[in-house]
1. Condition check: over 30 Å from the mean Cα position of the chain (by Cα), outside any helix (DSSP H, G or I) and at pLDDT 95 or above. Does residue 53 satisfy that?
2. Suppose the filter is surrounded by fewer than 10 Cβ atoms within 10 Å (Cβ to Cβ), without any contact (Cβ under 8 Å) to a residue 60 or more places away in the chain, more than 26 Å from residue 129 (Cβ to Cβ) and not assigned by TED's automatic domain parsing to the domain that holds residue 114; does residue 58 pass it?
3. As an exercise: evaluate residue 83 against (1) surrounded by fewer than 12 Cβ atoms within 10 Å (Cβ to Cβ); (2) under 25 Å from residue 9 (Cα atoms); (3) touching a helix residue (DSSP H, G or I) at 6+ places or on another chain (Cβ under 9 Å) and give the number of the one condition it does not meet.
4. So, of the residues in region 81-96 that are free of Cβ contacts under 8 Å to residues at least 24 places away in the same chain and outside any helix (DSSP H, G or I), which turns out to be farthest from residue 130 (Cα to Cα)?
5. Only residues that are surrounded by 14 or more Cβ atoms within 10 Å (Cβ to Cβ) and out of contact with any helix residue (DSSP H, G or I) (no Cβ under 7 Å at 6 or more places or on another chain): list them for region 20-37, please.
């Protein structure tokens, strides 16, 4: 594309932006009275319709005068054509100088990542990259390292927790257990002596 053509296109894009800012919201006739009509546009056809007759104070109707310049019509704000992509193979046919890529909504997560990676190698710009996909593409190898660090931290925290429990609730010494066993043996021996004395008497 030569310089004069590029200047024309940039000018057309600026004009399109101004027109779109001034363009009114085309509301269906009596949509304010009947919410069931919704926001979709339908042209008014009544023979006495004041909106169709463009009476003062009525809502604007769709007309060709609200359109943007022909040169910039249907283009991305960058001035390139948007091409809808469904698979990786179709990227080879796209020219990075004149077009940008838009991934179709029906494409899954795995295939989306493949398309984005391939478009990077070919120098193509993808218009609808999601924030989660950006994070995955920026740090693909850092994720497992982060998981390992998390695991190490969790193990350290568990070890500290166990140490604290031991300090708060120390185990009873074996001496106490031995003393309790000796007391039980003494009680049993005393009971036996009493029984023997009763039997001899």
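The values are calculated or read from the model by the stated rules, or taken from the named source; none is laboratory data. It should be emphasised that the depicted structure is a prediction, and the values quoted were computed from it without experimental measurement. Cβ sites come from the backbone with ideal geometry, for glycine too, and all protein chains shown count toward neighbours.
1. Details: over 30 Å from the mean Cα position of the chain (by Cα): yes; outside any helix (DSSP H, G or I): yes; at pLDDT 95 or above: yes.
Criteria met by residue 53.
2. Details: surrounded by fewer than 10 Cβ atoms within 10 Å (Cβ to Cβ): no; without any contact (Cβ under 8 Å) to a residue 60 or more places away in the chain: yes; more than 26 Å from residue 129 (Cβ to Cβ): yes; not assigned by TED's automatic domain parsing to the domain that holds residue 114: yes.
Criteria not met by residue 58.
3. It is condition (1) that residue 83 fails.
4. That would be 95.
5. Hits for region 20-37 are 26, 27, 29, 37.
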